[in-house]
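**Q** The structure that follows is given in the form of C-alpha cells.
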Amino acid sequence: GIPVGAAHIAGPVVLELQAHGQDMNRIVAAYTSLFSNYANTTGRMSRLNYWCAELAHIVVWILLGMVDGALFQTALIPGIYLLLMLFPILAATVRRLHDTGKGAAYLLLCFVPALGVIILFVFLCQAGTNGMNRFGLPDSL
C-alpha cells in the first residue's frame, strides 16, 4: 500500500480532486494552464491545480517515452519534451510556492542534496494561505 507519510501528504489533494467531480476536465485545464502561463511567475497556483498539472505532465512524459521506445528505442522525444516543459513547470512551481506564502528563492532548496528536495516537496504539498497574501489572491482555475 501507500506509505503512511505519503498518504498523509497526498490525502488532502485526492480528497479535493474527488470533491470536484469533473476530474478529467480539471486535470486538462490545469495542464493547459502551464502553456498559457509558461513564463508567468507572478500570482498563485492552488495545490489542487498544481498537482493536477504535474500529474498530467508526468502521464504525457511517460506516454511519450513509451511511444519513443516502441518506435525509435531512444529517449529523444521524452527528453525534448522535458526541456520544453522546464520553464512552464518552474513557473508553476514558483506560483505554487507563492500560494503558500513563500518566495521563489525556496526553489534553491533543490540544490541541497536529498533533504532540500524533501523540504521543497513538503512545501508544495502544503495548503495555500486563505484569502490574499503578498503574492495576490488565490487562483480561480
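**Q** Within the group ALA127, ALA104, which residue is of a type in the set (Gly, Ala, Ser), more than 23 Å from PHE35 (Cα to Cα), in contact with a helix residue (DSSP H, G or I) (Cβ under 9 Å, 6 or more places away or on another chain) and in contact (Cβ under 8 Å) with a residue 12 or more places away in the chain? Give the steps one after another, and end with the answer.
**A** Values: ALA104 fails: more than 23 Å from PHE35 (Cα to Cα).
Within the list ALA127, ALA104, the selection yields ALA127.
**Q** Among the residues of the stretch 60-72, how many are closer than 19 Å to ALA29 by Cα and open to solvent by less than 70 Å² (accessible area, probe 1.4 Å)?
**A** 1
**Q** Run ALA75 past the list (1) under 14 Å from ALA39 (Cα atoms); (2) open to solvent by 50 Å² or more (accessible area, probe 1.4 Å) and report the number of the one that doesn't hold.
**A** Just one mismatch for ALA75, condition (1).
Quick grid of which residues meet (1) basic (Lys, Arg); (2) at pLDDT 95 or above:
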position	(1), (2)
TYR38	no, no
ALA53	no, yes
GLY79	no, yes
ARG95	yes, yes
LEU109	no, yes
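**Q** May I ask you to say which residue of LEU120, LEU107 is assigned to a helix (DSSP H, G or I) and surrounded by fewer than 19 Cβ atoms within 10 Å (Cβ to Cβ)? Outline the logic, then answer.
**A** Values: LEU120 fails: surrounded by fewer than 19 Cβ atoms within 10 Å (Cβ to Cβ).
Only one candidate passes the filter, namely LEU107.
**Q** Is there any pair linking a residue in the stretch 22-37 that is open to solvent by less than 90 Å² (accessible area, probe 1.4 Å) to one that is assigned to a helix (DSSP H, G or I) and of a type in the set (S, T, N, Q), with Cβ under 9 Å and at least six apart or on different chains, and which?
**A** Pairs that qualify, where the first residue is open to solvent by less than 90 Å² (accessible area, probe 1.4 Å) and the partner is assigned to a helix (DSSP H, G or I) and of a type in the set (S, T, N, Q), are ARG26/ASN49; ALA29/ASN49; ALA30/ASN49; SER33/ASN49.
**Q** For the stretch 40-51: of the residues being open to solvent by less than 50 Å² (accessible area, probe 1.4 Å) and of a type in the set (A, V, I, L, M, F, W, C), which is modelled with the highest pLDDT?
**A** MET45
**Q** Now a separate question. Going by the structure shown, is THR74 in contact with a helix residue (DSSP H, G or I) (Cβ under 8 Å, 6 or more places away or on another chain), assigned to a loop (DSSP other than H, G, I, E, B), modelled with pLDDT of 95 or more and not charged (D, E, K, R)?
**A** Answer is no for this residue.
The values are calculated or read from the model by the stated rules, or taken from the named source; none is laboratory data. Just so it is clear, the model here is predicted, and its values are computed rather than measured. Neighbour counts are summed over all protein chains in view; Cβ atoms, including those assigned to glycine, are modelled from backbone coordinates with ideal geometry. These accessible areas exclude ligands, DNA and RNA; they are computed on the full protein's heavy atoms, side chains included. Shrake-Rupley method; radii C 1.70, N 1.55, O 1.52, S 1.80 Å.
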